[in-house]
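Undergrad: Dumping the structure here so I can ask a few things about it.
The values are calculated or read from the model by the stated rules, or taken from the named source; none is laboratory data. Only a predicted model underlies this, so the values are computations on that prediction, with no experimental measurement involved. When we count neighbours, we look across all protein chains shown, and the Cβ atoms used for this are built from the backbone with ideal geometry, even at glycine.
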Amino acid sequence: MKGILIGILALLVLSLTGCAELKELRVETSEQKALIDRLHEDNQACTDSLEATREQLRQAGLELQAKEEKVKEQSEAFTRMQQAMKAELESKQVALKELEGKLTLTMVEAILFDSGKAEVKQEGRDALQKVADVLKTIEGQEIVVAGYTDNVQIGERLAKVYPSNWELSAARAISVVKILVADGVNPENISAAGYGEYRPVADNDTTEGRAQNRRMEIILMPVRK
């Protein structure tokens, strides 16, 4: 009987020890599962971040390609404009420059207008026809026609039509826009602005300076989004 009791006690001890080991195993398994879950989450986060980075790089590549195409197109426009306006460039009636993503064609007043008038004369129409032939082939570019004057105030007689140099410069810019559109330039891509005497490029105290300030600029730049 005593031997049987000892045997039962031994079995009970073994049983309790097994339960403790099983409980410890279950705890370890639960911790390992939690660790595996966290690793899966971290891996998914890394995968999502990698995909996002790839998409950003793809978008950046597309934007860079678009910019390069616009630069190339503008450079080609510059070359074509040089060829089209060769005679006017040589005679200093126009000037052409490409700077900071903008192509600017500057035309002196004398080639386009008689003094105090906003109607483009025939010589100017002929020159603008050459300009239009280039501009109407260009896409994705914004065209701004800007008029400027010197600081000589409008005379009393002319003031009835153009109260200030602002009105005269704006009217001249609109006249140029109308001719360019009539010659085939897309009206959706072109606008007119008049700056009057307030953006001089030379000294208004000299005859030569005032002549430089009386000008028309045709500015070509990428369309702003």
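Undergrad: It is to be established whether one or more residues within segment 81-90 are at pLDDT 85 or above, touching a strand residue (DSSP E or B) at 6+ places or on another chain (Cβ under 7 Å) and closer than 19 Å to SER169 by Cβ.
TA: no
Undergrad: Follow-up. Would you check if VAL185 is assigned to a loop (DSSP other than H, G, I, E, B), surrounded by 19 or more Cβ atoms within 10 Å (Cβ to Cβ) and in contact (Cβ under 8 Å) with a residue 40 or more places away in the chain?
TA: It is true that VAL185 is assigned to a loop (DSSP other than H, G, I, E, B), surrounded by 19 or more Cβ atoms within 10 Å (Cβ to Cβ) and in contact (Cβ under 8 Å) with a residue 40 or more places away in the chain.
Undergrad: Would you mind stating whether ARG199 is in the same structural domain as LYS92 (by TED's automatic domain parsing), touching a residue at least 40 places away in the same chain (Cβ under 8 Å), among the basic types (Lys, Arg) and assigned to a helix (DSSP H, G or I)?
TA: Answer is no for this residue.
Undergrad: Also, quick follow-up: Hey, any hits in segment 148-162 for a residue that's in contact with a strand residue (DSSP E or B) (Cβ under 7 Å, 6 or more places away or on another chain) and closer than 23 Å to LYS86 by Cα?
TA: No, segment 148-162 contains no residue that is in contact with a strand residue (DSSP E or B) (Cβ under 7 Å, 6 or more places away or on another chain) and closer than 23 Å to LYS86 by Cα.
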